[in-house]
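First comes the structure, then the notes that go with it.
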Amino acid sequence: VTFKVDPPKAPRAEVLVAALLGGATVAALAFIVLLAVARHDTQLLGLTLGAAFALLAAALIVTAKLVLPREHALEERPEYGGPRPDLAVPVTRRRLLAGAAGAAATALLAALAVPVSALGPSAKDESPWRRGRRLVDEQGRRLTVADVAVGSFITAFPQGADPRALASPVVLVRDDPAKLKLPAGRRDWAPEGILAYSKICTHAGCAVALYRKPTYEPTSVPPALSCPCHYSVFATREGGKVESGPAGRPLPQLPLEIGPGGELRAAGDLSGSAGPAWWGTRR
Amino acid sequence: MRLALAVLVLAVFVVAPARAQAPPLFTSACSACHGEQGEGVPGKGPGLKGAGAAAADFYLNTGRMPLSHPRVEPQRTKPDYSASARKQLIDYVASLGGPAIPQVDPARGDIQQGFEAFTDHCAGCHAITGRGGVAPPGTAPALQQASATQIAEAVRVGPYLMPKFSERQIDRHTLDSITAYVLSTHALPDKGGWGIGNIGPIPEGLVAWLLAGTLLLIVVRVIGERR
């Protein structure tokens with residue numbers, strides 16, 4: 001083995017290193033002083049401590065690059081075809097190790113693969129909506145026609161069902177029945193202009209928490225429900241049709257009927273499955 | 001019969017002036033879109049019957065009315081008219097009928113409850129810190145300049161694209177609480193550093209990663225050595 005030593009690139013840089021270290025010392029001392037004097041000035045504290053570390057780092061970099069000599073070690077290669085060097089520790093239990101490594105690799109791959117099955121909709125997410133199921137608010141109070149004013153929007157749930165189920169929450173809005181352009185076959189889904197849509201966005205499953213309600217329509221835009229996550233916009237008058245945004249299918253609509261005393265009831269199930277679309281499993 | 005007629009004529013003369021005349025400022029500034037008597041002009045502006053003092057006070061005192069063009073999004077500016085002129089317009093619109101200016105008292109509200117209600121009803125558009133956001137195709141304004149009364153008015157009136165909230169959805173006490181919360185966001189506790197508009201922890205974190213990460217990569221590149 002032969003050694004070769006390069007002389008330092010710039011011996012004078014020692015002065016620079018000393019200056020940087022001096023700066024780091026000053027900054028660290030300033031931090032200590034500040035801690036005693038102005039404890040609550042977090043910006044100055046951070047600045048001084050940060051400067052101390054930064055200067056120290058700079059000093060180390062300069063030392064490594066310019067001050068220290070560089071050593072190169074060259075090792076002779078053994079001649080080709082010469083005597084074979086003995087392996088100091090021969091591996092004797094190769095099969096055991098290979099088996100253990102194979103088992104570990106398999107287990108790890110399985111551990112990575114199993115969570116994939118948790119993605120997407122769960123088979124248990126069945127819709128709780130049936131014909132005649134009453135609509136209640138967050139506190140479980142029954143909702144009536146009088147509760148849904150034009151221009152406001154209300155979140156409703158099926159009475160007696162799990163409110164956390166994906167298909168449970170719906171949004172109620174009210175519109176002028178003459179202005180509705182619902183798809184064919186949904187003519188009587190919105191009695192007195194009251195519309196119900198699933199509150200779960202069909203794009204990524206966020207809560208559709210925005211109701212765009214124009215004060216004066218001729219100079220503005222028609223009403224729509226919108227999702228605050230990625231701004232999918234669903235036209236409430238057209239059966240939840242996607243007006244813009246990344247959602248790929250309309251917001252499912254819930255057919256409504258009005259019972260005695262004006263109570264709101266479902267007239268059937270949602271028009272589609274609620275929740276985000278997933279590999280074509282939802283339409 | 002004559003007496004009845006005379007009484008009727010008198011009644012018409014006495015009752016007719018009781019219906020407020022539109023003030024001259026209304027005729028010159030508002031009637032182009034809202035009509036001579038606030039009945040509205042089709043395709044330009046809504047009728048003001050039923051708008052009430054709440055809406056008039058909100059739109060005029062936040063400078064959202066008058067608009068330069070009927071299709072422009074109303075945005076907060078310095079009010080155009082003097083306080084007395086605005087009062088005159090508000091009184092006139094109020095005389096056409098509609099809700100009065102809502103009473104609100106943030107001091108009676110509970111900030112924690114307000115925070116929760118704001119999360120449920122408002123944060124989707126206005127952001128949890130009240131710094132505003134997007135409600136396509138419009139914008140949801142930042143709430144830092146809004147007074148307690150203006151917040152309450154907006155909740156009850158639902159200006160522009162905003163929905164309105166009835167007493168059933170947001171009762172008086174909750175409204176007090178929401179106002180208390182919004183007012184508390186006017187001056188957020190500032191622990192120092194670069195605020196980047198209090199746009200929320202996720203974008204703030206992204207900025208930190210992008211800026212600090214880039215800086216660190218540059219430093220690593222300078223320290224490292226290649227042969």
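The values are calculated or read from the model by the stated rules, or taken from the named source; none is laboratory data. Small disclaimer: the values here were computed from a predicted structure and weren't measured. When we count neighbours, we look across all protein chains shown, and the Cβ atoms used for this are built from the backbone with ideal geometry, even at glycine. Accessible surface is based on the protein model in full, side chains and every heavy atom, while ligands, DNA and RNA are left aside. Shrake-Rupley method; radii C 1.70, N 1.55, O 1.52, S 1.80 Å.
Data table
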quantity	calculated
Selection count where residues are part of a helix (DSSP H, G or I) and buried (at least 19 other Cβ atoms within 10 Å of the Cβ), scope the stretch B:103-114	2
Neighbours by Cβ (under 6 Å, 6+ apart or cross-chain): first from the stretch A:225-249, over 18 Å from A:LYS181 (Cα atoms); second modelled with pLDDT under 90 and part of a helix (DSSP H, G or I)	A:PRO228/B:GLY124
Residue selected from the stretch B:123-158 under the condition touching a helix residue (DSSP H, G or I) at 6+ places or on another chain (Cβ under 7 Å), within 12 Å of another protein chain (Cβ to nearest Cβ) and buried (at least 18 other Cβ atoms within 10 Å of the Cβ), by the criterion farthest from B:GLY109 (Cα to Cα)	B:ALA135
Conditions (1) in a loop (DSSP other than H, G, I, E, B); (2) modelled with pLDDT under 90; number of the one not met by A:PRO115	(1)
Residue in the stretch B:71-79 that is open to solvent by less than 30 Å² (accessible area, probe 1.4 Å), in contact (Cβ under 8 Å) with a residue 40 or more places away in the chain and not in a helix (DSSP H, G or I) present	yes
Every residue from the stretch A:166-175 that is part of a loop (DSSP other than H, G, I, E, B) and either at pLDDT below 90 or away from every other protein chain (no Cβ under 14 Å) (or both)	A:LEU166, A:ALA167, A:SER168
From the options A:ARG141, A:ARG134, A:ARG186, residue that is open to solvent by 50 Å² or more (accessible area, probe 1.4 Å) and in contact (Cβ under 8 Å) with a residue 12 or more places away in the chain	A:ARG134
Unmet criterion (only one of (1) more than 12 Å from every other protein chain (Cβ to nearest Cβ); (2) part of a loop (DSSP other than H, G, I, E, B); (3) at pLDDT 90 or above) for B:LEU183	(2)
Single residue of the stretch B:32-62 satisfying the filter (open to solvent by less than 20 Å² (accessible area, probe 1.4 Å) and in a loop (DSSP other than H, G, I, E, B)) that is farthest from B:TYR81 (Cα to Cα)	B:GLY40
All strands (runs of 3 or more DSSP E) inside the stretch A:215-283 with 3 or more residues being open to solvent by less than 50 Å² (accessible area, probe 1.4 Å)	A:224-226, A:233-235
Of the criteria (1) surrounded by 11 or more Cβ atoms within 10 Å (Cβ to Cβ); (2) within 14 Å of another protein chain (Cβ to nearest Cβ), which one A:HIS40 fails	(1)
Residue within the stretch A:208-217 that is touching a His at 6+ places or on another chain (Cβ under 9 Å) and within 14 Å of chain B (Cβ to nearest Cβ) present	yes
Total residues in the stretch A:189-212, condition part of a helix (DSSP H, G or I) and touching a residue at least 60 places away in the same chain (Cβ under 8 Å)	2
Tally of residues being of a type in the set (A, V, I, L, M, F, W, C) and more than 10 Å from chain B (Cβ to nearest Cβ) across the stretch A:141-165	5
Of the criteria (1) in contact (Cβ under 8 Å) with a residue 40 or more places away in the chain; (2) more than 12 Å from chain A (Cβ to nearest Cβ), which one B:GLU204 fails	(1)
All positions within the stretch A:1-56 that are hydrophobic (A, V, I, L, M, F, W, C) and in a strand (DSSP E or B)	A:PHE3, A:VAL5
Test: residue in the stretch A:98-107 that is in a helix (DSSP H, G or I) and either at pLDDT below 85 or aromatic (Phe, Trp, Tyr) (or both)	no
